[in-house]
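A.B. asks: Below are the structure tokens for one structure; questions will follow.
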Amino acid sequence: MQKGQTQQLAVSAVYSDGTKQDVTRLATFHTTDATVASVDGDGKVKAVEFGSAAVAAVYRRQAGVVRLPLGAGEHRREQAVRSICA
């Protein structure tokens, strides 16, 4: 993701009988670094700043985590331009 972009997360539960259900609306979401990535109560992630963060989705005491490198390519290009211009 690049700075300013958003991404909607989806959470699925797979039950012991094999059925699968979308539980995105029932999950809670948390970010490890809100200065890099914000996440709202519906699971929409926004890239706030360059860096990396993880977002966790929790449903019925089960958690899933996704790591998000945010804007790394663009950030490297910016650093290269600064180095050339310095």
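A.B. asks: Long-range amide H contacts for Ser52: which residues qualify at under 5 Å (H placed 1.01 Å from N, peptide plane, sequence gap of 5 or more or a different chain)?
C.D. replies: Sorted by chain and number, the residues that satisfy this are Leu70.
A.B. asks: Let me ask something else about it. If amide hydrogens are placed 1.01 Å from N in the peptide plane, which non-local residues have theirs closer than 5 Å to the one on Ser12?
C.D. replies: Long-range HN contacts for Ser12: Val23.
A.B. asks: Still on this model: Tell me, what ³J(HN,Hα) does each residue in segment 8-15 have, in order and in whole Hz, if you take phi through Karplus 6.51 cos²θ - 1.76 cosθ + 1.60 with θ = phi - 60° and put x for Gly and Pro?
C.D. replies: 8, 8, 10, 10, 10, 10, 10, 8
A.B. asks: What are the ³J(HN,Hα) couplings of segment 46-62, residue after residue, when phi is run through the Karplus curve with 6.51, -1.76, 1.60 and θ = phi - 60°? Round to Hz, x for glycine and proline.
C.D. replies: Each residue's phi maps through the Karplus curve to give 10, 6, 8, 8, 5, x, 9, 8, 10, 10, 10, 10, 10, 9, 6, 6, 10 Hz.
Coordinate-derived values only; no laboratory data. Computed from a predicted structure; not experimentally measured.
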